[in-house]
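See below for the structure under consideration.
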Amino acid sequence: MSNIAPLRTFVSAFSALLDQTADEAQILEKGGALLANLVAQDTWLPEQLAQPDPDRYQQFLLHADSGGRFSVVSFVWGPGQSTPVHDHTVWGLIGMLRGAEYSQGFSREEGGKLVPDGKAILLKPGQVEAVSPAIGDIHKVSNAYPDQVSVSIHVYGANIGAVNRSVYRDDGTIAEFISGYSNDWIPNIWNQSKP
Ligand code: FE
């Protein structure tokens, strides 16, 4: 049984940060530090919310702010799994908990052509990356390992599973999607009677 207290502490601190500021740069800097602290230890994520699926990567909702200001999600990458090229439309923070992943950013040229933004970033446990429409919002994420599971913890500036977003296909077409979540229940982070 994992001790989920670090997630509770993180959610409370992130909520307090958003009480203080709506400035995206501040949120990404200070929230990124909070997330780095959360993923510095891999002791708290319930095993059920770290389970890969053989067919596709999983996104498990861990917490959604009642005001829709942020959500926290565990992404579980089976061996070799990856996302399509996609956007977020809101700010996002990605913290690596277990394993490693590549994030390849893209820019859209006039006419819609996608151009890679340099080389892919390799995220290792404890590291944090940010995305947003202001700093670069289109990327493709891949498990860096062909033979092991990787897990990253993401925070977004909305209930991300309900946000209308876009996937950018190789043939230049764009498909809208709403990701939803892989889980029907969320962990109880509020039971403080447990040690
Ligand atoms: Fe993403």
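The values are calculated or read from the model by the stated rules, or taken from the named source; none is laboratory data. All values reported here derive from a predicted model rather than from experimental measurement. For neighbour counting, all protein chains shown are included, and Cβ atoms are generated from backbone atoms with ideal geometry for every residue, glycine included.
How many of the residues in segment 52-71 are away from the ligand (no atom under 14 Å from the Cβ), closer than 20 Å to A36 by Cβ and surrounded by 21 or more Cβ atoms within 10 Å (Cβ to Cβ)?
2
For E129, work out the one condition from (1) assigned to a loop (DSSP other than H, G, I, E, B); (2) acidic (D, E); (3) in contact (Cβ under 8 Å) with a residue 12 or more places away in the chain it doesn't fulfil.
(1)
Please specify each residue of segment 101-117 satisfying the condition of being of a type outside the set (F, W, Y), more than 12 Å from the chain's Cα centre (by Cα) and within 16 Å of the ligand (Cβ to nearest atom).
The answer is Q104, G105, S107, R108, L114, P116, D117.
Results for (1) among the β-branched types (V, I, T); (2) within 15 Å of the ligand (Cβ to nearest atom); (3) touching a Cys at 6+ places or on another chain (Cβ under 9 Å), shown as yes or no for each residue.
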{"residue": "K119", "(1), (2), (3)": "no, no, no"}
{"residue": "A130", "(1), (2), (3)": "no, yes, no"}
{"residue": "I135", "(1), (2), (3)": "yes, yes, no"}
{"residue": "G161", "(1), (2), (3)": "no, yes, no"}
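Need the failing condition index for V90 against (1) within 16 Å of P133 (Cα to Cα); (2) in a strand (DSSP E or B); (3) not charged (D, E, K, R), just the number.
All conditions are met except number (2).
Specify the residue that is surrounded by the most Cβ atoms within 10 Å (Cβ to Cβ); the eligible residues are those in segment 79-114 that are at pLDDT below 95 and on the phi > 0 side of the Ramachandran plot.
G112
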